[in-house]
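Notes for the one structure printed next.
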């Protein structure tokens, strides 16, 4: 069964994106096909070079873990609005489009929005 996660919240300040990525990562360890689509402020979750206090969760590492076994796509319009370029993304994350999100939505057996 395939799962699509649509994330909207920023990487830090709330734990919605953190919890979504935790679940997506857990599903990949069970060989579940997973696609994570980052929109709005959630595109910052895939920015490389995040520095967080010791002992605090790091969404860059979580995005990389999901991307190793699943897909991580980012809304290109949302990236542009926040000044994030493709060169700044973590390995495995890809700039994408709303059309691609529509295709992923139609293909997914489960869609979860965070």
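Tabulated results
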{"read-out": "Unique match (being buried (at least 22 other Cβ atoms within 10 Å of the Cβ), more than 22 Å from residue 81 (Cβ to Cβ) and in contact with a strand residue (DSSP E or B) (Cβ under 6 Å, 6 or more places away or on another chain)) among 24, 46, 42", "value": "24"}
{"read-out": "Unique match (being over 15 Å from residue 5 (Cβ atoms), part of a loop (DSSP other than H, G, I, E, B) and in contact with a helix residue (DSSP H, G or I) (Cβ under 8 Å, 6 or more places away or on another chain)) among 49, 83, 55", "value": "49"}
{"read-out": "The stretch 93-109, residues that are loosely packed, with under 14 Cβ neighbours inside 10 Å, under 17 Å from the mean Cα position of the chain (by Cα) and touching a residue at least 24 places away in the same chain (Cβ under 8 Å)", "value": "105"}
{"read-out": "Which numbered condition residue 74 fails, given (1) in a strand (DSSP E or B); (2) surrounded by fewer than 17 Cβ atoms within 10 Å (Cβ to Cβ)", "value": "(2)"}
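Only the coordinates and a few stated rules stand behind these numbers; no lab work does. Keep in mind the model is a prediction, meaning the values are calculated, not measured. Cβ: placed from backbone, ideal geometry, glycine included. Neighbour counts: every protein chain shown.
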